[in-house]
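Since the structure comes first, as structure tokens, the remarks are kept for the end.
What follows draws every value from the coordinates through simple rules; no lab data is involved. Fair warning: this is a prediction, and the values are worked out from it, not measured in the lab. Positions of Cβ are generated from backbone atoms using ideal geometry, with glycine treated the same way; all protein chains shown enter the neighbour counts.
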Amino acid sequence: MDVDIEAIVRRVPAWARDTVQIRPLSGGVTNRNYVVTFDGDEYVVRVPGERTQLLGINRRHESEASRRAADLGIGPPVLGELPGVGTQITQLVPGHHLEDAAYAARVDDVIALVLQLHRSGPLEGQFPIHRVVEWHARDASSHGAMPPRAYERLHQQSRHIEAAFSASPTPPMPCHNDLLPSNVLFDDERVWLLDYEYSGMNDVFFDLANLSVNGGFSADTDDRLLTSYFGEVTASRWARLQLMKVMSEFREGMWAVVQRAISTLDTDFVAYADERLTNCERLASSADFGRWLIDARADPGVG
């Protein structure tokens, strides 16, 4: 057992003297995750990677969103804060992850939770997606990782998307902003949304697009996603979903560029950034991109 990890865990008053068992929990690419077993119950403890504030993570905002999700019953119960670290200690909830067709088949269940979060009232944290990619480029540069050549081309597309949405602006709502399949947990009776590190006020179409592009959803599943969320698909809603897929991949790629500069985790962030930015350019090069920009200017009927 890593002595440093045990020392951190022992900062929790209830765990200071009594017997605890600690085991690694796989799956994190920003944090080192552990399961602590105490008095028959299991809890998740996350020890952050280096300088996670440069990734857009604010631990106070994470705490608010995690507790909000727990109160709504869409996120795991929160035991408290890991002293001296600031991350939330949450109960380990049962379940498994899904991928591909099995994941897409449960899109209605996931959307039901996303809707609850979006309708839950303002959060303190902000996640303005068009600014986030700019902040990532700035922070990567200041730490020795120059933005890739694709950045300027994609930044121009980001400006076009922002202008299209601004023609019929919608109010920002509390969003998860990191809807990877690994952050959605299924069991026989329910679904959980995990990991609220990036949560904050944002455009709801970012969450929907983030869910779709990370899940590799087909056009048919996108249609189901929008129908589940809004009740029907319109040209504006479809266009905004597709355009926010561009922004989701742009942000994910630039996030990895920052990670390349600051992280010591055993992850190939160069390859990850290349993969995400290449897909972003593919999406932005769609023959339908210009039409999406036009359609997105109409009011999508949010809020």
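Summary table
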| item | result |
| --- | --- |
| Efficiency of FRET from Cβ geometry, residue 159 and residue 287, R₀ 22 Å, rounded to 0.05 | 0.60 |
| 0 to 90° range, to nearest 10: angle between helix 107-118 axis and the chain longest Cα axis | 80 |
| In degrees, nearest ten, helix 59-72 long axis to first principal axis of the chain (Cα) | 90 |
| For the stretch 134-224: rounded, prolate or oblate by the Cα gyration tensor [a/c cutoff 1.5] | prolate |
| Distance between the stretch 84-157 and the stretch 179-241 - C-alpha centres, whole angstrom | 11 |
| FRET efficiency, 1/(1 + (r/R0)^6) with R0 45 Å, evaluated for residue 42 and residue 166 via beta carbons | 0.45 |
| Ascending count of other beta-carbon atoms within 10 Å, so fewest first, for 127, 289 | 289, 127 |
| Average projected area [Cα convex hull, the stretch 54-186], square nanometres | 10.7 |
| Backbone N within the stretch 62-99 under 12 Å of label point (7 Å from residue 120 Cα along the Cβ vector) | 62-78 |
| Positive minus negative residues near residue 239 (Lys, Arg vs Asp, Glu; Cβ under 15 Å) | -3 |
| Residues 180, 82, 211, sorted so that the one with the fewest Cβ neighbours within 10 Å comes first | 180, 82, 211 |
| Cα shape, the stretch 3-91, gyration tensor, a/c 1.5 rule | oblate |
| Inter-site label distance for residue 67 and residue 219 at 7 Å from Cα along Cβ, in nm | 4.7 |
| Ranked list, fewest to most other Cβ atoms within 10 Å of each Cβ, for 120, 212, 218 | 218, 120, 212 |
| FRET efficiency, residue 271 to residue 102 (Cβ-Cβ, R0 45 Å, nearest 0.05) | 0.95 |
| Rounded to 10°, Cα long-axis angle of helix 150-166 versus longest principal axis of the chain | 70 |
| Residues whose placed amide H lies under 5 Å from that of residue 90, excluding near-sequence neighbours | 44, 79 |
| Distant-in-sequence amide H partners of residue 170 (H built 1.01 Å from N, under 5 Å) | none |
| Extension gain, residue 138 back to residue 23 (0.36 nm per residue minus Cα-Cα distance, nm) | 37.7 nm |
| Fraction of beta bridges assigned by DSSP in the chain that are antiparallel (%, nearest 5) | 95 |
